[in-house]
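No lab work stands behind these numbers, since they all come straight from the coordinates. None of these values were measured; they are calculated from a predicted model. Every residue, glycine as well, gets a Cβ built from its backbone with ideal geometry; the counts of neighbours run over all protein chains shown.
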Ligand SMILES: C[S@@+](CC[C@H](N)C(=O)[O-])C[C@H]1O[C@@H](n2cnc3c(N)ncnc32)[C@H](O)[C@@H]1O
Ligand code: SF4
C-alpha cells in the first residue's frame, strides 16, 4: 500500500511540474487507513477527486471528509462507480449487496454536503443491461437526494473481467500511427496525466497491470511517450475515454428547468423577476411595451458598450429581445444584431416584436436564432461585440460560454455583460433549488471566479463598469455587475521595432494583463502587438506611443510577450 510519505513526495514533484488536478483511485481508495490525511495533503496542491466503489463510505467518514474539505482551499470531489441503476444488474458484476452499500455511501456523502458524481460503464454498446441509462440514473439520483445529476459515462475497456464478461479485443482493434493524423492528442488521458503507485509511475490507470506501461520511478522520468501497443488504446482513440471529471449531464438538467421557467415567463410576465434598469425613453421609443413586460435583465449592457454605427452585435440569452432592439437603433441600417436564446416561447415573442421595431426604425437589422450559449451557432470571429443581460449565471458551463464568446468575437472585439454574482461560493443546498437557479440566484459565481475564467481564456482589459446589490438570500449577497473585456489574438508577425509606451498617469505606475509594468512618465519598450493594444480601447488615451525609433527589428517577440 502506498504510504503518506510517498504520496507527499510525489505531490511536491507534481507541483513543480505544474500538475493541476489530483485523482485517487484503487483498488478502493477508502481501504487506505490514512485516506483523510492523504486527501488533506493533496488538497494543498489542487482540486482532488476520489474514485471509489462507495461501499466503505460511512456517515462518520463522510463527516470527516467534509471537515477536510472545509479547511482546504481546493475542491474535494467524489465519484462513485455503479454498473447499473438496477440493483440486480449492478450486483451481477460488483457482487451481492454492493449496490445497497454503494448507494448508502452516496447518501452519506450527500448528507455531509457533497454532490457526488456517479461513474457508470457504458455496457449498452455491447447489448448488456438497459439502454435507458440516463433516465434511470436520473431517477436513482433523485431518490438518493443527490443535489444535481452528475453522471460520468465511461466506455468499456475490454481487459480483465470485462473481457470475460463481454469479449476480448479483436486482433484488428489496435491503433497505428495513422490513427493519430490530425488527431488532437490532448484528448488522450495519457497526454496530460500519469498514475503514481507504490511500484512507480505508469502511463495511465487502465494499464496499471501492464509491465510495458511502467514509465519510471518519478513523474519526471515518466514524461516520455508510450508506444500505445495496448488494445485499450483503441478504446481511448475511438471513444475519447478520459477519467477526468465532466459535468455534461448536469448541463442538460439545468437547461431543462431553466427552459421550462422562461417558457412560462415569456407568456406570463413575472414582475418580481424584473430589475430596475437604466434605459432612457430615447433607448425605448421604437420598442413595443410587450417587450418591456418580459424584460428580465439585471443591467443595461448595450447602453454601456459604446456601440458604433455599422457594428455587429450578438446578444446571448436575448429573451424578449429588449437589448437587441436597443442595439438595433445604435448600429443603424449598416449594422447587424443577432439574438440567441434556447426558449421557443421567448423567440416567438421576440420575432413578433421584431416586425414592429423594423417598421418603427425603417430598417430590419435584427435576427433571432435558436441556440445555446455553450454552443453558439455562429462562425468564428464574426461579431464586434457580445452582450448578455442576466443569462450566464443560468448556465452550468460558464467557462464553456466564455470560450464560445472568445471564439465568435473578432480580434479586438469586446464583451459587455450584466450578470448576477455572489459574495462567496453558493452552497450545494441552494444550487439544487431549481427555482432559485432559474431566478438568477443560485447559479451565480463570484466576481473573482468570473475574472479568473475570462483571464485564463485570454480576454484582456477586464473592467467592472457597474456594481449594485441585487438581493440577499439566506445570508448570501448577490450583486448585479456589468463587466467588460476584450479579445486579442497574438499575431504571428509581432516584433519589437523600437516602439515605446509612456504611461501618462495619474497613478504612479500600472501593469497590464501581460505583466508589463509602466511607471508614470518612463518610456517602456513594447512589441507591435502591445502597441496596438495600448492604442485601442480600453487603454486608448492612457499612453503616449512613440513613433518608430529604430527601423531594425531587434528582438523577435517571444510567445509570452503579449
Ligand atoms: C433572465 S432571462 C434574460 C433575458 C434577456 N436577456 C433580458 O434581459 O430580458 C434569461 C434568458 O436566457 C435564456 N437562456 C438561459 N440559459 C440559456 C442557455 N444555456 N442557452 C440559451 N439561452 C439560455 C432563457 O431562455 C431566457 O430567455
Ligand atoms: S490506454 Fe493507451 S491511449 Fe488510453 S490513456 Fe492509456 S496509454 Fe493512453
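Annotations
- For segment 334-479, projected area of the alpha-carbon convex hull averaged over all directions, nm²: 9.8
- With eigenvalues of the C-alpha gyration tensor scaled by 5 and rooted, the chain, Å: 45, 33, 23
- Euclidean distance between Cα centres, segment 14-30 to segment 252-325, Å: 44
- Taking the C-alpha atoms only, the angle from helix 98-111 to the longest principal axis of the chain is near 40 degrees.
- Based on Cα contacts under 8 Å between residues 6+ apart, the chain shows a relative contact order of 8 percent.
- Between residue 514 and residue 225, the FRET efficiency from the beta-carbon distance, with R0 = 41 Å, is close to 0.80.
- Stretched out straight at 0.36 nm per residue, the stretch from residue 469 to residue 171 would grow longer than its current Cα-Cα span by 100.9 nm.
- Maximal additional length on extending the residue 12-residue 239 stretch stands at 78.4 nm, based on 0.36 nm per residue less the C-alpha distance.
- Between the helical axis of 59-70 and the longest alpha-carbon principal axis of the chain there is an angle of about 40 degrees.
- For segment 366-491, relative contact order (Cα pairs under 8 Å, six or more residues apart, normalised by length) works out to 27 percent.
- Cβ-Cβ FRET estimate between residue 344 and residue 433, R0 fixed at 22 Å, reported to 0.05: 0.30
- Sorted ascending by nearby beta carbons within 10 Å, beginning with the fewest, 123, 214, 9 become 9, 214, 123.
- Principal-axis tilt of helix 133-143 within the chain, Cα atoms, nearest 10 degrees: 90
- Least to most buried among 217, 532 (fewest other Cβ within 10 Å first): 217, 532
- Mean Cα-pair separation over length for segment 1-154, i.e. relative contact order, pairs under 8 Å, 6 or more apart, %: 20
- Per-selection Kirkwood Rh - segment 156-196 (Cα, Å, 1 d.p.): 12.5
- Span from the segment 51-104 Cα centroid across to the segment 157-230 one, whole angstrom: 26
- Of 225, 318, 429, the sequence from fewest to most neighbouring Cβ atoms within 10 angstrom is 225, 429, 318.
- With R₀ set to 60 Å, the beta-carbon distance separating residue 545 from residue 161 gives a calculated FRET efficiency near 0.35.
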